[in-house]
Amino acid sequence: MSASITSTTSATNANQTLNQADFLQLLVTQMSDQDPLDPQSDTEFAAQLAQFSALQQSQNMSQDLSVLQANSMIGETVNVTSADGSSSSSGTVSSVLMNSGAPEVIVNGQAYNLSQVTAISPPPTPAATSATQTPN
């Protein structure tokens, strides 16, 4: 019996995000089921829609900034930790991979979340060599 409760809880937690279509469906249901003798103001509905739109814009901007941050690491030397924090390594970021809408940096052939990056340093510059020219 506890296994079914656990699986139900897991399934419920997986679908706890509210997207714009869900919000609009709730708004239409709220409008159609309101008391005709005491209707809600249309400004309340507009305010709810504006708040949801602002939240969605903020989430999109946050995701875009994460992608920009990951892309700016390409070619940089980074220190990364394993997902459980037990080991760390360093290497050059070779590319960025999108996984479920979140950017991951590829270091030494392994994908890491941005939260696993602990340090960033510029790539080593080649030693400056003094060029001596011989007269022709």
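The values are calculated or read from the model by the stated rules, or taken from the named source; none is laboratory data. As the structure is a prediction and not an experimental result, all values here were calculated from the model. Here the Cβ positions follow ideal geometry from the backbone for every residue, glycine too, while neighbour counts run over all protein chains shown.
Across region 44-87, the qualifying residues are those that are of a type in the set (Ser, Thr, Tyr) and within 13 Å of Ala111 (Cα to Cα), and the one among them that is surrounded by the most Cβ atoms within 10 Å (Cβ to Cβ) is Thr81.
Taking the criterion of being loosely packed, with under 11 Cβ neighbours inside 10 Å and in a loop (DSSP other than H, G, I, E, B), the residues of region 25-39 that qualify are Asp33, Asp35, Pro36, Leu37, Asp38, Pro39.
A quick yes/no check of all residues on (1) exposed (fewer than 12 other Cβ atoms within 10 Å of the Cβ); (2) modelled with pLDDT of 90 or more:
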residue	(1), (2)
Ser100	yes, no
Gly109	yes, yes
Ser115	yes, yes
Ile120	no, yes
Thr129	yes, no
Thr134	yes, no
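Scanning region 92-108 for residues that are free of Cβ contacts under 8 Å to residues at least 12 places away in the same chain, farther than 30 Å from Asp22 by Cα and more than 17 Å from the chain's Cα centre (by Cα) turns up nothing. If you go through region 72-86 and keep only what is in contact with a Pro (Cβ under 8 Å, 6 or more places away or on another chain) and outside any loop (DSSP other than H, G, I, E, B), you end up with just Thr77. Within region 58-79, the set of residues being free of Cβ contacts under 8 Å to residues at least 40 places away in the same chain and either aliphatic (A, V, I, L, M) or touching a helix residue (DSSP H, G or I) at 6+ places or on another chain (Cβ under 9 Å) (or both) comprises Met61, Leu65, Val67, Leu68, Ile74.
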